[in-house]
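One structure is given here, and the rest of the page talks about it.
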2 protein chains.
Amino acid sequence: MGNLALEPMDRPEGMTTHEYAHRRLRQAIMVGSIRPGESLTIRGIAEAMESSPTPVREALRRLSSEGALRVLDNRRIMVPRMTADRFSELVSLRSVLEQHAARRAVPHITERCIDRLEEVDRAQDEAISRKDNATALLLNQEFHRTLYSANPEQAIIPMVESIWLQLGPFLGIAMEHVAQLYFVDRHQEAIAALRKRDEDAVAAAIKADISEGIGGFERAAIENLLRLAGQ
Amino acid sequence: MGNLALEPMDRPEGMTTHEYAHRRLRQAIMVGSIRPGESLTIRGIAEAMESSPTPVREALRRLSSEGALRVLDNRRIMVPRMTADRFSELVSLRSVLEQHAARRAVPHITERCIDRLEEVDRAQDEAISRKDNATALLLNQEFHRTLYSANPEQAIIPMVESIWLQLGPFLGIAMEHVAQLYFVDRHQEAIAALRKRDEDAVAAAIKADISEGIGGFERAAIENLLRLAGQ
DNA sequence: TAATTATTTTTGTGATCACATTTTCAAAAT
DNA sequence: ATTTTGAAAATGTGATCACAAAAATAATTA
């Protein structure tokens, strides 16, 4: 107990303790460094990050609401287990959500925003070439988030991030058993479509990015991975 | 302070205090009985439901994660204000999400499930004829939730409910200024399509139900309502 | 009278404690 | 050896308290 795979993080001044706990746990789950089935204890986490139960409990509640954690009947809290069916449900939902988010972003896109997307994409390519899977994963998410954020009234990003959180633990398993995560990159295609303000083409690029990326796991491969990981 | 529009609720044995607080606040927001801009205090709510700050804080954090509440920079917590742009964003998102949820439910639908839908729809009609808006609203949501729940791996309901929570406060305003909320009912159409296991027709019925229902508010009407309500 | 300052009250936050439940583990019985 | 029983430890939950920041109110000044 207590030796959680939680890397310390930068903690900006003024950030509350529960917020810090939430961010650290969130990132750990997002990049798959907490195993599905592993149960989390409030006191254990509090000790690991040198605080007390109260703020940790708040962080865990938030993560439960975000779908990242599940509260069992015995009130134990754990990372939900993945199944092939749940995986395909999550991926299809992700595809629908992100295509919509991308479409709604197009009318608000600026050149400045496209430049930023190029920048993030370059950083991701660099992380991939360094074989730094976790960073590449976070930068890939940053790319998508940046795109959808162009829409000033967007209400969809929390939902997209909820999906990412739910897929995270599986990615952690995949990263352990597949030497290198295969990153598909339809980002250049998306950027080109954005420059033309072509909604359909942007949505198509996002759809392809997802279906050829994480959506590319075949059912048999998923079941195989889960079996290997003892799930 | 303290005199919150919070009707007491049935509290099943074994339900924790924070869970109870969450449910009561959630329902109050969902049916629009807490005004946008109204700021909530932890101690005020704790007093109103005869408990203490700790579980109330947890409930408020969850509701923030669900998009129902917003935490300001000064750490005040309030129901977010609505704008015409945000409204249209939420409605378009709701349409996309629920069409997808409906489609994914169709392959799993059972006759038993359709019977249940008929039952809920009848109860809603009855509430409408009693002019009991809040109950009709909750039963309408129950109809949609029941349909999407047919899919055993559904991960979309929390997101749909998040949208409902964000639209709730506006509905509260609308109910005050429009004598009777006009309930569109494409439910029979949806049920007929379900019996035929026709995904496209089901999705079309849900789309129509939303676009003619809450989506039917025109931009000018929304701005007018918000102005009337002093928003 | 209007603006500014000082004081009081309210509020969010997080640590701590007590309690009940659950889990774990060792001892005893079958 | 397996199961059952009992004690000990661990855990979730919620109330309370102290502290700091913020808001509201009172007092003072221009």
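Counting only residues that are acidic (Asp, Glu) and within 11 Å of DNA strand D (Cβ to nearest atom), which one in the range A:26-65 is nearest to the chain's Cα centre (by Cα)?
A:GLU58
Could you identify the single residue in A:GLU66, A:GLU38, A:GLU58 that is farther than 30 Å from A:ALA201 by Cα, buried (at least 21 other Cβ atoms within 10 Å of the Cβ) and within 14 Å of DNA strand C (Cβ to nearest atom)?
Numbers: A:GLU66 fails: within 14 Å of DNA strand C (Cβ to nearest atom); A:GLU38 fails: buried (at least 21 other Cβ atoms within 10 Å of the Cβ).
Only one candidate qualifies: A:GLU58.
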Exercise for the section: Spot the failing condition for A:ILE128; the list is (1) within 14 Å of another protein chain (Cβ to nearest Cβ); (2) in contact with a Phe, Trp or Tyr (Cβ under 6 Å, 6 or more places away or on another chain), and only one is missed. Expected result: (1)
Practice task
Considering (1) assigned by TED's automatic domain parsing to the domain that holds B:GLY32; (2) of a type outside the set (Ser, Thr, Tyr); (3) buried (at least 22 other Cβ atoms within 10 Å of the Cβ); (4) free of Cβ contacts under 8 Å to residues at least 60 places away in the same chain, say which one B:GLU47 fails and leave the rest.
Solution key: (3)
Completion exercise
If we ask which residues in the range A:199-222 are touching a residue at least 60 places away in the same chain (Cβ under 8 Å) and exposed (fewer than 15 other Cβ atoms within 10 Å of the Cβ), their number turns out to be 1
Problem - Residue under evaluation B:TYR182, criteria (1) assigned to a loop (DSSP other than H, G, I, E, B); (2) within 13 Å of another protein chain (Cβ to nearest Cβ), criterion not met - result: (2)
Problem - Filter result for the condition that a residue is under 16 Å from B:TRP164 (Cβ atoms) and either outside the structural domain of B:LEU194 (by TED's automatic domain parsing) or touching a residue at least 40 places away in the same chain (Cβ under 8 Å) (or both), over B:VAL71, B:VAL120, B:VAL96, B:VAL31 - result: B:VAL31
Practice task
Determine whether the range A:202-210 contains at least one residue that is part of a helix (DSSP H, G or I), farther than 30 Å from B:ALA84 by Cβ, in the same structural domain as A:ARG112 (by TED's automatic domain parsing) and within 17 Å of the chain's Cα centre (by Cα).
Solution key: yes
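Could you tell me which of the residues A:SER33, A:SER65, A:SER52 is within 10 Å of another protein chain (Cβ to nearest Cβ) and not aromatic (Phe, Trp, Tyr)?
Values: A:SER33 fails: within 10 Å of another protein chain (Cβ to nearest Cβ); A:SER52 fails: within 10 Å of another protein chain (Cβ to nearest Cβ).
None of the other options fit; the residue is A:SER65.
The values are calculated or read from the model by the stated rules, or taken from the named source; none is laboratory data. In this text the structure is predicted, and so the values were computed from the model without any measurement. Cβ: placed from backbone, ideal geometry, glycine included. Neighbour counts: every protein chain shown.
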